[in-house]
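Below is a structure I'd like to ask you about.
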Amino acid sequence: MLPLNFRKYGSGPPIIILHGLFGSSDNWHSMAQELGRTFTVFCPDARNHGASPHFDVMTYHLMAQDVVAFMSREKLSRSIILGHSMGGKTAMVLADRFPHLVEKLVVVDIAPKVYLPRHLELVEAMENLDLNTCKTRRDLDAALSLSVTNPAIRQFLLKNVKRNAADHYFWQLNLSGIRANFDNLNVTTLPVKPVSIPTLFIRGGASDYILPEDERLIHSNFINAEMKTIPSSSHWVHADAPEQFVKMVKKFLSEQTEN
């Protein structure tokens, strides 16, 4: 198993941030800097994302094992784990299968349930983008706008476009690997037995990823969990309300430390 690419910030107790689908450690740079005032923050790129290795198989169990291997290489006996969306599901599997490694758990806008396939149209839009005809970032944005109308989502996706040594654009993430494993990313991550690790679920008030009826499922499987909502925030809660998000996370972690 090849090592994950990662960024490291700050000093203090360790916290590992696991990004979501199509994301990378870059997306959490500002948040990691802020949390780095109190913690040593590690932001790894998930397999098939960012500058991490590409693999044919991509499941939550394998991504959880990637984190275990990462912790071993960094000599972390335990860590706080914060995961958003796909990273949140990875974090839940890690807490279920390797509870001795998880000090506290923060899950951002995802529930441990089966989801209908989402964002497959974004994979198709990225696959259909002709990088060879684009000379500038503006060209990329204009071409992608034909299929992705939301400018914020376009910019999020285009962060994955890099230039190679020949000065040609390429997708850094493994699009074919993500597509081949897309069904694996929508499965349930219900624990084998209830997880007692102190857990904070944060949901976006304008997001439909965690519905009111999901709360019973969450509390029955994460028995030491609390639920917080950030009003008017989308699925990308930390990007929409960064100050409120970091304040909520720090409050939870400080209260748990005091207890």
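The values are calculated or read from the model by the stated rules, or taken from the named source; none is laboratory data. Since this is a predicted model, take the numbers as computed values, not measurements. Cβ placement follows ideal geometry from the backbone for every residue including glycine, while neighbour counts extend to all protein chains displayed.
Among the residues of region 124-142, is any part of a strand (DSSP E or B) and touching a residue at least 40 places away in the same chain (Cβ under 8 Å)? If you could, list the steps in order and put the result at the bottom.
So in region 124-142, the residues part of a strand (DSSP E or B) come out as none.
Checking region 124-142: not a single residue is part of a strand (DSSP E or B) and touching a residue at least 40 places away in the same chain (Cβ under 8 Å).
For region 153-183: of the residues being without any contact (Cβ under 8 Å) to a residue 24 or more places away in the chain and aliphatic (A, V, I, L, M), which is farthest from Tyr60 (Cα to Cα)?
It comes out as Ala166.
Kindly evaluate Thr40 against the criterion of being modelled with pLDDT of 95 or more, out of contact with any His (no Cβ under 6 Å at 6 or more places or on another chain), within 18 Å of Lys247 (Cα to Cα) and of a type in the set (Ser, Thr, Tyr). If you could, list the steps in order and put the result at the bottom.
Details: modelled with pLDDT of 95 or more: yes; out of contact with any His (no Cβ under 6 Å at 6 or more places or on another chain): yes; within 18 Å of Lys247 (Cα to Cα): yes; of a type in the set (Ser, Thr, Tyr): yes.
Considered against the rule, which asks whether it is modelled with pLDDT of 95 or more, out of contact with any His (no Cβ under 6 Å at 6 or more places or on another chain), within 18 Å of Lys247 (Cα to Cα) and of a type in the set (Ser, Thr, Tyr), Thr40 comes out as yes.
Of Arg47, Arg73, which residue is within 27 Å of Leu116 (Cα to Cα), modelled with pLDDT of 95 or more, out of contact with any strand residue (DSSP E or B) (no Cβ under 9 Å at 6 or more places or on another chain) and not acidic (Asp, Glu)? Full working, then the answer.
Details: Arg73 fails: within 27 Å of Leu116 (Cα to Cα).
Going through Arg47, Arg73 in turn, just one is within 27 Å of Leu116 (Cα to Cα), modelled with pLDDT of 95 or more, out of contact with any strand residue (DSSP E or B) (no Cβ under 9 Å at 6 or more places or on another chain) and not acidic (Asp, Glu): Arg47.
Now for a different question. Residues in region 110-120: is at least one buried (at least 16 other Cβ atoms within 10 Å of the Cβ), assigned to a helix (DSSP H, G or I) and charged (D, E, K, R)?
no
Let me ask another. Scan region 247-255 and tell me whether some residue there is among the basic types (Lys, Arg), out of contact with any Pro (no Cβ under 8 Å at 6 or more places or on another chain) and in contact (Cβ under 8 Å) with a residue 12 or more places away in the chain. Let's see the steps before the verdict.
Within region 247-255, the first condition is being among the basic types (Lys, Arg), and the residues that meet it are 247, 250-251.
Okay, now just the ones that are also out of contact with any Pro (no Cβ under 8 Å at 6 or more places or on another chain), so 247, 250-251.
Still in the list and also in contact (Cβ under 8 Å) with a residue 12 or more places away in the chain: 250.
The answer is yes, given that some residue of region 247-255 is among the basic types (Lys, Arg), out of contact with any Pro (no Cβ under 8 Å at 6 or more places or on another chain) and in contact (Cβ under 8 Å) with a residue 12 or more places away in the chain.
Something else: For the list (1) surrounded by fewer than 22 Cβ atoms within 10 Å (Cβ to Cβ); (2) within 15 Å of the chain's Cα centre (by Cα), I need the number of the one condition that Trp28 fails.
(1)
Starting from residues that are under 21 Å from Leu62 (Cα atoms) and in contact with a Phe, Trp or Tyr (Cβ under 8 Å, 6 or more places away or on another chain), keep the ones in region 4-19 and report whichever is surrounded by the most Cβ atoms within 10 Å (Cβ to Cβ). Give the steps one after another, and end with the answer.
Going residue by residue through region 4-19, those that are under 21 Å from Leu62 (Cα atoms) are 4-7, 15-19.
Pick out the ones that are also in contact with a Phe, Trp or Tyr (Cβ under 8 Å, 6 or more places away or on another chain) and you get 4, 6-7, 15-17, 19.
Numbers: Leu4: 23, Phe6: 18, Arg7: 18, Ile15: 25, Ile16: 26, Ile17: 28, His19: 26.
Among them, the one singled out is Ile17.
Could I ask something else about it? If I go through region 71-109 residue by residue, how many of them are of a type in the set (Ser, Thr, Tyr), touching a residue at least 24 places away in the same chain (Cβ under 8 Å) and surrounded by fewer than 23 Cβ atoms within 10 Å (Cβ to Cβ)? Before the answer, list the steps.
Kept after step one, since they are of a type in the set (Ser, Thr, Tyr), are these residues of region 71-109: 72, 77, 79, 85, 90.
Those left that are additionally touching a residue at least 24 places away in the same chain (Cβ under 8 Å): 77, 79, 85, 90.
Then keep just the ones that are surrounded by fewer than 23 Cβ atoms within 10 Å (Cβ to Cβ); that gives 77, 79.
Result for region 71-109: 2.
Consider Ala225 against the criteria (1) among the hydrophobic types (A, V, I, L, M, F, W, C); (2) under 26 Å from Met58 (Cα atoms); (3) assigned by TED's automatic domain parsing to the domain that holds Leu105: it satisfies all of them except one. Which criterion is unmet?
The failed condition is (2).
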